Amino acid sequence: MYAVGRHSANRAAEEREQEARLNALEYSAAAPPPAYAPATSQDVSGSPPDRVAQLQQLATLRDGGVLTEPEFDAEKRRILGS
């Protein structure tokens, strides 16, 4: 009986995680694209934007199961401009 209860608990946890991922994807699809500030003189002088922090945040979302590998790759290409 313990195994059946444990299996049910695991399944419920998986369903909650899947629902959270779906909600996050729906939110990101429904949200308007972020407004970007115009380039400043610092940006023009060759100082790269903070791409590392953006990539780290994407990796965290991917590792947490919020983004799939293809979604991660697409966003990474967008950030890197390739």
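Each reported figure results from applying straightforward, stated rules to the coordinates on display, with no laboratory input. Since we're looking at a predicted model, the values are computed, not measured. A quick note on method: Cβ atoms are made from the backbone with ideal geometry, for glycine too, and the neighbour counts reach across all protein chains shown.
Quick notes on this one:
- Those residues of region 53-70 which are closer than 24 Å to Glu19 by Cα and either small (Gly, Ala, Ser) or over 8 Å from the mean Cα position of the chain (by Cα) (or both), in sequence order: Gln56, Ala59, Asp63, Gly64, Gly65, Thr68, Glu69, Pro70
- Residue pairs whose Cβ atoms lie under 7 Å apart, separated by 6 or more positions or on different chains, with the first residue in region 11-23 and polar (S, T, N, Q) and the second not in a helix (DSSP H, G or I), do not occur.
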